[in-house]
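The values are calculated or read from the model by the stated rules, or taken from the named source; none is laboratory data. Just so we're clear, the structure is a prediction, and the values are computed from it rather than from any experiment. Backbone-built Cβ (ideal geometry, glycine too); neighbour counts: all protein chains shown. These accessible areas exclude ligands, DNA and RNA; they are computed on the full protein's heavy atoms, side chains included. Shrake-Rupley method; radii C 1.70, N 1.55, O 1.52, S 1.80 Å.
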Amino acid sequence: MPEIRHIHIEHYRVIDTFDWFPSSGINCLIGPGDTGKSTILDAIDKCLTAHRYIYFSDADFHNLDTQKPIIIEITIGALTQEFLHFDKYGEFLKGFDATKKQIVDEPDDHLEPVLTIQLFVDSDLEAKWSFVSNRSERKIGWAERSRLSPLNLSSSNQLHFKLQQGSILNDLHEGTVETRPVFVDLTRQLGENFDKNCELDIDDMLDVVADSARSVGVEIGEKAMIGLDPNVVSLKDSNLCLKDSRNIPLQNLGTGSKRLLIAALLKRCSGPHQILLVDEVEQGLEPHRLVQFLEELGSKTATTQVFITTHSPVPIMELDCDRLFILQKKGEKHYINGIQASLQGIARRYPQAFLAKNVICCEGASEYGLLRGVNSYYFETNSRLSIHSRGTVFIDCRGGTNFIDYAGVFNKLGYKTSIFRDNDVINKLRENKKLQKEQGVQHEGVEVLTYSSEYCLESAISETVIEEDWNTIIEYGKQEIPGFESELRSLIDKEGLSLYHKKEARVKVLELFKRTPTISHFEFLGRKILGPALAQERSGELMDILSTIFNQ
């Protein structure tokens, strides 16, 4: 079963340069949208395609620059005996060192023999396929390419529900299907039935044809007739398709159901399995069926090499980390970041963060809820782009000092990462000797967003609210926070009626918002209090932090 050992792409669509040594089994490309995940799958498909001709346009060239040719090189390993025939392929065989992730032009007994296939397209837009090495180059025939071509479940679903060359049905059936006598007979019956049952009001036209034939001495009999053209009415195996018990073609199934069934059929094929390509693996599948599809593709037991892309958190939670590959871009260069097995828990807890460009690690539920609320304010008022539309995700690090560890992880994986915390945790950090760890991730590029004063979040909010806000806060607390009114009466008895004019009293009231569900209560504060305050450009350290987050 041939497998891809190396992928090299130059000047193709959004990709200027790209190199990757994929793994056996499932390779799941994740990361921010529009970085080129689908382009990589398409490049594999085009380089190894079984189609005789592929159409290219100027839009396929990176930045529309047709002066730089498109070059896609796929190096194939696990070669069948056919491709190891020295007389035919000896000049093109290379060696692959799996340990060093290196391809050398001279094969060696200690290295795996591999072949490199190159697709070259320059300004004339003609695709040229070749075997290449530093010793020689020759054109690849269509038959050779067809034996290495991948199965693209994103584009060829209809094919596999018909009995035709290249479909899975042909692999499932070992013998030959003798349909010719039946098709010949059906074609004749169709012509006869048409002649008997089809009445067309065209006698005047047929009379003109007959008269014209007689006038020039062409013998057509007494009259002209019209019927089905036997050269057009031609039945063949590809006209046969799978149907369900109600006689409905299976190609009418939904996208997800077709993918699931094809994957299940592939596992039962006796022949060598093809490399599989599935763009947007979640398409048409509910989460539970997506899990089933991943299992059919080999998430538990790999039987073939699979390349998938996803924008869904489900594959990130279901697949082992060594199956996940983050595609990112710095400048004009695309590169792959693998995920260590030790990060499995983080991937399953925060899968959405692995699909973003920017990650903000919130110390706890209060900070997380607050940012959600401010973002909702901007979305509801349509006064600014939602921060999610700019590729930013907030995660709740659930207190303690988790936010430092998580920020360090996402920063090392190539995401733009920030920490949002209050400043009362500094003393705890110092006691636990964790302050140096935060300074370490900050030195590595993590932005720490906090207050210069030793404020808790409630203190920072209390400095921002105006009296009109305060009335809104009190009314919300009475309606939504258990025990709020009794606590409020106790504070009034102790502090006096005008709680708003005493900072410590304001802080104590806001501390009641930390009661479950904390996220919802602070989301209210963000949406109804701090979002409008930010839009009004009020002053304060918290406003400066929120402005940094939302106004970039």
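Within the bounds of region 178-193, is there any residue that is hydrophobic (A, V, I, L, M, F, W, C), under 30 Å from ILE275 (Cα atoms) and either open to solvent by 60 Å² or more (accessible area, probe 1.4 Å) or modelled with pLDDT under 80 (or both)? For region 178-193, residues hydrophobic (A, V, I, L, M, F, W, C), under 30 Å from ILE275 (Cα atoms) and either open to solvent by 60 Å² or more (accessible area, probe 1.4 Å) or modelled with pLDDT under 80 (or both): absent. For region 344-364, the criterion of being farther than 23 Å from GLY440 by Cα, touching a Ser or Thr at 6+ places or on another chain (Cβ under 9 Å), open to solvent by 20 Å² or more (accessible area, probe 1.4 Å) and not aromatic (Phe, Trp, Tyr) is met by at least one residue. Going by the structure shown, is PHE307 closer than 23 Å to LEU169 by Cα, open to solvent by less than 20 Å² (accessible area, probe 1.4 Å), modelled with pLDDT of 90 or more and not in a helix (DSSP H, G or I)? Considered against the rule, which asks whether it is closer than 23 Å to LEU169 by Cα, open to solvent by less than 20 Å² (accessible area, probe 1.4 Å), modelled with pLDDT of 90 or more and not in a helix (DSSP H, G or I), PHE307 comes out as yes. For SER156, state whether it is modelled with pLDDT of 75 or more, hydroxyl-bearing (Ser, Thr, Tyr), open to solvent by less than 50 Å² (accessible area, probe 1.4 Å) and within 29 Å of PHE61 (Cβ to Cβ). It is false that SER156 is modelled with pLDDT of 75 or more, hydroxyl-bearing (Ser, Thr, Tyr), open to solvent by less than 50 Å² (accessible area, probe 1.4 Å) and within 29 Å of PHE61 (Cβ to Cβ).
Yes/no matrix, rows are residues, columns are (1) among the hydrophobic types (A, V, I, L, M, F, W, C); (2) assigned to a helix (DSSP H, G or I); (3) within 12 Å of ALA407 (Cβ to Cβ):
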| position | (1), (2), (3) |
| --- | --- |
| LYS437 | no, yes, yes |
| GLY440 | no, yes, yes |
| GLY445 | no, no, yes |
| SER459 | no, yes, no |
| TRP470 | yes, yes, no |
| TYR476 | no, yes, no |
| GLU485 | no, yes, no |
| LEU488 | yes, yes, no |
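Every residue, every condition in (1) outside any helix (DSSP H, G or I); (2) polar (S, T, N, Q); (3) modelled with pLDDT of 85 or more; (4) surrounded by fewer than 18 Cβ atoms within 10 Å (Cβ to Cβ), yes or no:
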position	(1), (2), (3), (4)
HIS110	yes, no, yes, yes
THR116	yes, yes, yes, no
LEU125	yes, no, yes, yes
GLN164	yes, yes, no, yes
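Taking the condition of being buried (at least 21 other Cβ atoms within 10 Å of the Cβ) and closer than 19 Å to GLU458 by Cα, how many residues in region 376-402 meet it? Summing the residues that are buried (at least 21 other Cβ atoms within 10 Å of the Cβ) and closer than 19 Å to GLU458 by Cα in region 376-402 gives 2. Selection of first residues in region 370-387 that are under 23 Å from THR450 (Cβ atoms) and of second residues that are open to solvent by less than 70 Å² (accessible area, probe 1.4 Å) and part of a loop (DSSP other than H, G, I, E, B), restricted to Cβ pairs under 7 Å at least 6 apart or on distinct chains, gives the following pairs, ordered by first then second residue: ASN375/SER386; TYR378/SER386.
The condition (being of a type in the set (Phe, Trp, Tyr), touching an Asp or Glu at 6+ places or on another chain (Cβ under 9 Å) and at pLDDT below 95) is satisfied by just one residue among PHE96, PHE83, PHE131: PHE83.
If you go through region 494-531 and keep only what is farther than 21 Å from GLU363 by Cα, in contact with a helix residue (DSSP H, G or I) (Cβ under 7 Å, 6 or more places away or on another chain) and open to solvent by 20 Å² or more (accessible area, probe 1.4 Å), you end up with GLU495, TYR500, LYS502, LYS503, ARG506, LYS528. Considering ASP87, ASP105, ASP97, the condition of being out of contact with any His (no Cβ under 7 Å at 6 or more places or on another chain), within 24 Å of PHE307 (Cα to Cα) and charged (D, E, K, R) is satisfied by ASP97 alone.
Listed here are the residues, each with its yes/no results for (1) under 30 Å from ILE316 (Cα atoms); (2) at pLDDT below 85; (3) part of a loop (DSSP other than H, G, I, E, B); (4) open to solvent by 80 Å² or more (accessible area, probe 1.4 Å).
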residue	(1), (2), (3), (4)
SER245	no, yes, yes, yes
ARG259	yes, no, no, no
GLU280	yes, no, yes, no
GLN283	yes, no, yes, yes
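Selection over region 19-45 of residues that are open to solvent by 30 Å² or more (accessible area, probe 1.4 Å), under 20 Å from PRO313 (Cα atoms) and assigned to a loop (DSSP other than H, G, I, E, B) gives a count of 2. Return yes when GLU106 is in contact with a Gly (Cβ under 9 Å, 6 or more places away or on another chain), charged (D, E, K, R) and open to solvent by 80 Å² or more (accessible area, probe 1.4 Å) and no when it is not. Yes: the conditions hold for GLU106. Take the conditions (1) part of a helix (DSSP H, G or I); (2) surrounded by 12 or more Cβ atoms within 10 Å (Cβ to Cβ); (3) modelled with pLDDT under 85; VAL209 misses just one of them, which is (3). Could you list all residues from region 434-476 that are of a type in the set (D, E, K, R) and either under 37 Å from the mean Cα position of the chain (by Cα) or on the phi > 0 side of the Ramachandran plot (or both)? Of everything in region 434-476, those that are of a type in the set (D, E, K, R) and either under 37 Å from the mean Cα position of the chain (by Cα) or on the phi > 0 side of the Ramachandran plot (or both) turn out to be LYS434, LYS437, GLU438, GLU444, GLU447. If you check ILE262, ILE326, ILE336 for being in contact (Cβ under 8 Å) with a residue 60 or more places away in the chain and under 13 Å from LEU153 (Cα atoms), only one passes: ILE262.
The residues of region 136-153 that are more than 28 Å from the chain's Cα centre (by Cα), at pLDDT 90 or above and of a type outside the set (Gly, Ala, Ser), listed by number, are GLU137, ARG138, LYS139, ILE140. Residues that are part of a helix (DSSP H, G or I), within 28 Å of THR450 (Cβ to Cβ) and not β-branched (Val, Ile, Thr) occur in region 354-363; there is at least one. The number of residues in region 410-425 that are open to solvent by less than 20 Å² (accessible area, probe 1.4 Å) and either modelled with pLDDT under 90 or of a type outside the set (Lys, Arg) (or both) comes to 10.
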